[in-house]
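Novice: Let me give you the structure first, and then I'll get to my questions.
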Amino acid sequence: MALTATVYRMPAAAIRGRAVITNTSPTTPYRSSGRPEVMFIMERLIDLAARRHGFDRLELRRKNLVRAAAMPHRNSMGVVYDSGDYQAALDRAVALADWSGFESRRAEARRRGRYRGIGVANYIELNTGFSRERAHITVRPEGRVDLVLGTLSSGQGHATSFAQLLVEWLGVELSQVQLITGDTDVTVVGGGAHSARALRLAAIVMAKASDQIVEKGRRIAARLLEAAEADIEFAGPRFRVKGTDRSVDLFEAARAETLDGLSDETMPQPSFPYGSAVCEVEVDPETGVVELVRYTTVDDCGRAVNPMILHGQTHGGIAQGVGQALWEACAYDRESGQLLSATLMDYALPRADMLPAFTTEISEVPSTSHPLGLRGGGEGGTTPALGAVVNAIVDALAELGVEHIEMPVTSERVWEAMRAARAVRGA
């Protein structure tokens, strides 16, 4: 059997003309890195090993997880994982998914004439990306804080999560922070939003620029309040003379003198988000149609600045990963090279009614290699999805003797796999 993400053939009747099918999906930019596909191959091999040699799927994985007490851990490639509790993430995902109660759900499905399966997949991400980032923060006298960053948001909620940090550090209101990106008149350096680098790197330069503002503000406040700089304390957003009620706020200081901070840093240190996903499916034995009935995931991104945004990104990532596993395929005419699935009429993206409600949880083991304990988030939903979905489908059909089905696991492929397995058993 092949465990690859290469080229597949589909009968000519399925798509007009002689076609070449590839399951590489263009909907997720970071798929080109190969990480989801690598995790898919690893997780499928673990399941195959467990089934062929009689191991428990969960226990085989637990035996090979790096223990939290062994962190930091240098892997066989020389890469150092700074921190993490991989077994805790797996155990929590299994508990949330009610793995122990699955066999009763499988039996109930069989009474309805359906095959039900459950699958699990672990993952770890290597997040690097462009290593330079720059932040320029200016406190405006009119009551606004301008934050200039080179990393442009494409829907990740930067305006909210970045502003939250300045609210914590400077004591201003969220509505007073204005994020300025994508303006080449003021943006000198831009690293982009990729490899979970945006907040992970921006937070460092934002923190240093904020520290500069506080130090400058102390000097300005000392002059305005006619006190020694050593006697000025900052409790955002006010500078106060210790032991007195005499104070000025950030914006008063900015009216007296320019109050800003600038940090431009190169930070090559990678991060390693990780987590576990559990998927349950039901298969129609007559048609091969796969229904996703439950999906649970636990993701560790270090400290979570905005959990709601992280959950939203995880939900989107799951939908993308499930789509790649079950439906998405690029079809090309073999003779002309013409893309045959070039529109959403032909390219099978997942829709809301094709997916269940997800159970997602965030684990927060601080990264020891980041000043704020951040790892990065957003890609976790996709990375384990391929393995979890296909493992669940194969588990559902294991009683027929099916060991593997290539992606995308369309109803046609499932039906063919069931027919082939029944033919072998009959022979």
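Novice: Take Val188 and Ala423, extend 7 Å from each Cα along the Cα→Cβ direction, and tell me the distance between the two endpoints in nm.
Specialist: In this crude spin-label approximation the distance works out to 6.8 nm.
Novice: Calculate log10 I(q)/I(0) of the range 132-266 for q = 0.09, 0.10 Å⁻¹, where I(q) comes from the Debye formula with a single equal point scatterer on each Cα and nothing for solvent.
Specialist: Relative scattering, expressed as log10 I(q)/I(0), comes to -0.27, -0.33.
Novice: Please rank Thr297, Thr368, fewest neighbouring Cβ atoms within 10 Å first, as an exposure proxy.
Specialist: So the residues, fewest neighbours to most, are Thr368, Thr297.
Novice: Among Thr360, Thr343, Thr296, whose mean-square fluctuation peaks in a Gaussian network model of the chain (Cα, cutoff 10 Å)?
Specialist: Between Thr360, Thr343, Thr296, it is Thr343 that shows the largest mean-square fluctuation.
Novice: Pick from Val414, Val80, Val293: which residue has the top mean-square fluctuation in a GNM of the chain where Cα pairs under 10 Å get a spring?
Specialist: Val80
Novice: While we're here: Between Leu126 and Ser100, what FRET efficiency comes out of the Förster formula 1/(1 + (r/R0)^6) with R0 = 35 Å and r the beta carbon distance, rounded to 0.05?
Specialist: For Ser100 and Leu126, the calculated efficiency is 0.60.
Novice: Order these by the 10 Å Cβ neighbour count, fewest first: Cys279, Cys330.
Specialist: Least to most surrounded, the residues fall as Cys330, Cys279.
Novice: Calculate the translational D of the range 291-427 in whole µm² s⁻¹ from Stokes-Einstein, where the hydrodynamic radius comes from the Kirkwood formula applied to all Cα pairs, the temperature is 20 °C and the viscosity 1.002 mPa s.
Specialist: 124 µm²/s
Novice: Another one. Would you please give the FRET efficiency between Glu59 and Met354, computed as 1/(1 + (r/R0)^6) with r the Cβ-Cβ distance and R0 = 30 Å, to the nearest 0.05? Walk me through the numbers on the way to the answer.
Specialist: Details: r = 33 Å, r/R0 = 1.09.
Between Glu59 and Met354 the formula returns 0.35.
Novice: Something else about it: Setting aside same-chain residues fewer than 8 positions from Lys242, which lysines have a Cα under 29 Å from its Cα?
Specialist: Lys242 reaches Lys208, Lys216.
Novice: Turning to a different aspect of this structure: Calculate one ³J(HN,Hα) per residue across the range 149-158 by plugging θ = phi - 60° into the Karplus curve 6.51 cos²θ - 1.76 cosθ + 1.60, and present them in order as whole Hz with x for glycine and proline.
Specialist: So the J values, rounded to whole Hz, are 10, x, 8, 8, 7, 10, x, 7, x, 4.
Novice: Once fully extended, how much extra length lies between Ser336 and Ser76, figured as 0.36 nm per residue of separation less the alpha-carbon to alpha-carbon distance?
Specialist: That pair, Ser336 and Ser76, stretches by 89.2 nm at full extension.
Novice: Follow-up question, since we're still on this one. Could you give the nm distance between label points at His404 and Ala68, where each point is 7 Å from its Cα heading toward the beta carbon?
Specialist: 3.5 nm
Novice: Determine the relative contact order of the range 30-101: mean sequence separation of Cα pairs under 8 Å and six or more apart, normalised by residue count, in whole percent.
Specialist: This gives 18 percent for the range 30-101.
Novice: Let me have the 222 nm mean residue ellipticity of the chain computed from DSSP H runs of 4+ only, each contributing -39500 (n - 2.57), with the sum over all residues rounded to the nearest 500. Intermediate values should be presented prior to the final figure.
Specialist: Details: 10 runs with 144 residues, N = 427.
Rounded to the nearest 500, the figure is -11000 deg cm²/dmol.
Novice: Relative to the longest principal axis of the chain, what angle (0 to 90°, nearest 10) does the C-alpha long axis of helix 385-397 take?
Specialist: 30 degrees
Novice: While we're looking at this one, here's another question. For the range 223-286 and the range 142-194, what is the separation of their Cα centres, given in Å?
Specialist: About 12 Å separates the Cα centre of the range 223-286 from the one of the range 142-194.
Novice: Hey, what did the chain get for relative contact order, percent, Cα under 8 Å, at least 6 apart?
Specialist: Reported as a whole number, the value is 23 percent.
Novice: Then there's this: Among Val424, Val145, rank each residue by its count of other Cβ atoms within 10 Å, from fewest to most, as a rough exposure measure. Don't jump to the answer; show the numbers that get you there.
Specialist: On the way: Val424 11, Val145 26.
Going from sparsest to densest Cβ surroundings: Val424, Val145.
Novice: Let me ask another. Mind listing which GluC sites (Glu not before Pro) in the range 270-347 are in a DSSP loop and have 14 or fewer other Cβ atoms within 10 Å? Before the final figure, lay out the partial values.
Specialist: On the way: sites: Glu280, Glu282, Glu286, Glu291, Glu328, Glu335; in loops: Glu286, Glu328, Glu335.
Counting only loop positions with at most 14 other Cβ atoms within 10 Å, the GluC sites (Glu not before Pro) in the range 270-347 are Glu286, Glu335.
Novice: State log₁₀ I(q)/I(0) for the chain at q = 0.07, 0.09, 0.10 Å⁻¹ as given by the Debye formula over alpha-carbon point scatterers of equal weight, solvent excluded.
Specialist: Debye curve over Cα of the chain, log10 I(q)/I(0) at q = 0.07, 0.09, 0.10 Å⁻¹: -0.44, -0.66, -0.77.
None of the figures in this text is laboratory data; all of them are computed from the coordinates on show. Predicted, not measured: the structure shown is a model, and the values here were computed from it. We place every Cβ from the backbone using ideal geometry, glycine too, and count neighbours over all the protein chains shown.
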